[in-house]
Amino acid sequence: MKTAATFVLFFILGLLNITTAQWVNITPPESDTTNFAVYTVNSDVAFISRGNKGTLLKTTNAGLNWALIPNPSTQGINKIQFLDENTGFLGGNNALFKTTNGGVSWITLTETDGFADISFINENTGYMVSISSPPKIYRTTDGGLNYTSRTIFSHINYSGAALSILNQSIIFLLTFRPASDSSIVFKCTNWDSAFTPVYFTKPMCYDISFIDENTGVICGNMGALKRTSNGGIDWVNVNPGNNITFQALHLNNSLSGYVAGNSGSIFKTTNSGINWVQQNSQTSWYINDIHVLPGDSTGFAVGEFGTILKRTNGGFTFLTHESGNIPAGFTLFQNYPNPFNPATKISFALPESGITLLEIFDITGRLVSEIVNTKLSAGMHEYSFDAMDLAAGLYFCKLTFGTGGSSETAFSEVKKMLLIK
């Protein structure tokens, strides 16, 4: 049986016609519930692709609930991108899909190829790379109605892996070849010009992200994490010292970025990929995708066995343990460890079910993290709080129960927490 420290966050889709899901602590279900892709639209809205049949989930309340939305594909969805709450695209194993109403309905744009990656720079102009070999890149300038394509016949044994599009001129393409455990980075400075190979590397890489014409990062097998500062000509190893397989990479602004992969590993950079610091994800499951808003305040990471991690101002937080034993009264326990660096566990007891709010404030009274804001059942609850991005100092953990709910019971308690670094 797994201990509380190794429980991961899962949600259960309701039976039959129930279309919403809440995050609860359950035994991991079968492997076909793996989450493959995630896209964070804003602080409230996000989308997830789940399973091998392209199941789609949507939250409109920052991850508290997830609802099934119409599924345009019977096969897997590899990539999700939304330009706003209404307009979005899906790169699937058999087609490209588009919605203009937030996922209520989808239209099929092309069924010629499955797509490993998609990148739209506006509603009209977008690029896609096929999962086929040799690599084939598509471009649309009318929102997906028509396409032109380019095939890289010079490397017929390689397949498309990922794209990084800076503007309508500069395109970086990452390809890979499993048979030789190798990858090639291509660069194109004009759609009508050639895709030029600029870097060959081993081991194989899976993702690429550029923040400007010169600065970019690639990640992949056996701890492959490399950075360029001259447009892909030269690459420097920036691995923090491990052999983790990095699956997903996202540079969300000019300084901040995340890379994630096996064993629940998440690393963050705050200096454009020069240095990477591991974050406490509190899960050991493989992470397939990660997407954080440019402001670095909200984001999600997803992976195998239904794993969903949410990032708030204070770091990634999720439920680690929930007990069905009914306590005699309300209690907010002292966090443990305390002092802590950078993660700690917060436990509390609820003698009845109701709306529960668990918040972290700094010494000025500013809210730095909202860990829980939903209806919880009666019992013992334990959450993990990661303060990797917060400054050392005194913080306050506040538990509030009964506000906004049907219960007449009201309870509030505060505990001091000391973060040391």
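The values are calculated or read from the model by the stated rules, or taken from the named source; none is laboratory data. These numbers were taken from a predicted model, which means no experiment stands behind them. Virtual Cβ from ideal backbone geometry, glycine too; neighbours counted across all protein chains shown.
Key figures
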item	result
Residue in segment 249-266 that is assigned to a helix (DSSP H, G or I) and either among the hydrophobic types (A, V, I, L, M, F, W, C) or farther than 21 Å from D389 by Cα (or both) present	yes
Those residues of segment 273-305 which are modelled with pLDDT under 90, among the β-branched types (V, I, T) and in contact with a helix residue (DSSP H, G or I) (Cβ under 9 Å, 6 or more places away or on another chain), in sequence order	T283
Residue check, S149 touching a residue at least 24 places away in the same chain (Cβ under 8 Å), closer than 19 Å to G92 by Cα and of a type in the set (G, A, S)	no
Criterion (at pLDDT below 95 and touching a helix residue (DSSP H, G or I) at 6+ places or on another chain (Cβ under 6 Å)) met by exactly one of G92, G76, G51	G51
Positions within segment 110-122 being more than 23 Å from the chain's Cα centre (by Cα) and either in a loop (DSSP other than H, G, I, E, B) or surrounded by 21 or more Cβ atoms within 10 Å (Cβ to Cβ) (or both), in sequence order	E111, T112, D113
Test for S149: is it among the polar types (S, T, N, Q) and surrounded by 15 or more Cβ atoms within 10 Å (Cβ to Cβ)	no
Subset of segment 340-370 (residues that are within 19 Å of N61 (Cβ to Cβ) and crowded, with 21+ Cβ neighbours inside 10 Å)	G354, T356, L358, S369
Residue count, segment 273-287 (criterion: farther than 18 Å from G216 by Cα, buried (at least 22 other Cβ atoms within 10 Å of the Cβ) and not hydroxyl-bearing (S, T, Y))	4
Qualifying residue in segment 248-259 (condition: crowded, with 20+ Cβ neighbours inside 10 Å and more than 28 Å from I360 (Cβ to Cβ))	yes
Filter result for L255 (within 15 Å of the chain's Cα centre (by Cα) and farther than 15 Å from F300 by Cβ)	no
Total residues in segment 171-191, condition assigned to a loop (DSSP other than H, G, I, E, B) and over 15 Å from I152 (Cβ atoms)	3
Flag if F305 is on the phi > 0 side of the Ramachandran plot and either aromatic (F, W, Y) or not assigned by TED's automatic domain parsing to the domain that holds F210 (or both)	yes
Answer from T228, T270, T196 - the residue that is touching an Asp or Glu at 6+ places or on another chain (Cβ under 9 Å) and either aromatic (F, W, Y) or surrounded by fewer than 16 Cβ atoms within 10 Å (Cβ to Cβ) (or both)	T270
Any hit, segment 126-138, residues being under 22 Å from the mean Cα position of the chain (by Cα), surrounded by fewer than 20 Cβ atoms within 10 Å (Cβ to Cβ) and either in a strand (DSSP E or B) or modelled with pLDDT under 90 (or both)	yes
Residues of segment 199-215 that turn out to be assigned to a loop (DSSP other than H, G, I, E, B) and crowded, with 17+ Cβ neighbours inside 10 Å, as a count	3
Residue selected from segment 231-245 under the condition of a type in the set (V, I, T) and surrounded by fewer than 14 Cβ atoms within 10 Å (Cβ to Cβ), by the criterion nearest to C205 (Cα to Cα)	V236
Segment 150-172, subset among the small types (G, A, S) and at pLDDT 90 or above, residue farthest from F210 (Cα to Cα)	A162
From the options I218, I244, residue that is outside any strand (DSSP E or B) and within 18 Å of the chain's Cα centre (by Cα)	I244
Scan of segment 52-86 for residues that are part of a loop (DSSP other than H, G, I, E, B) and buried (at least 18 other Cβ atoms within 10 Å of the Cβ), ordered by number	G54, A62, G63, N71, P72, S73, G76
Segment 243-258 residues that are under 10 Å from F210 (Cα atoms), paired with ones that are hydroxyl-bearing (S, T, Y) and part of a loop (DSSP other than H, G, I, E, B) (beta carbon under 9 Å, 6 or more apart)	L251/T215; L251/S272; S254/T215; S254/S272
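Each row is one residue, and each column tells you yes or no for (1) more than 20 Å from D192 (Cβ to Cβ); (2) not hydroxyl-bearing (S, T, Y).
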{"position": "T108", "(1), (2)": "yes, no"}
{"position": "G114", "(1), (2)": "yes, yes"}
{"position": "V129", "(1), (2)": "no, yes"}
{"position": "P134", "(1), (2)": "no, yes"}
{"position": "R139", "(1), (2)": "no, yes"}
{"position": "Y147", "(1), (2)": "no, no"}
{"position": "A162", "(1), (2)": "yes, yes"}
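Residues are listed down the side, and each one gets a yes or a no for (1) at pLDDT below 85; (2) surrounded by 14 or more Cβ atoms within 10 Å (Cβ to Cβ); (3) in the same structural domain as L64 (by TED's automatic domain parsing); (4) in contact with an Asp or Glu (Cβ under 6 Å, 6 or more places away or on another chain):
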residue: P337; (1), (2), (3), (4): no, no, no, no
residue: M388; (1), (2), (3), (4): yes, yes, no, no
residue: A391; (1), (2), (3), (4): no, no, no, no
residue: E408; (1), (2), (3), (4): yes, no, no, no
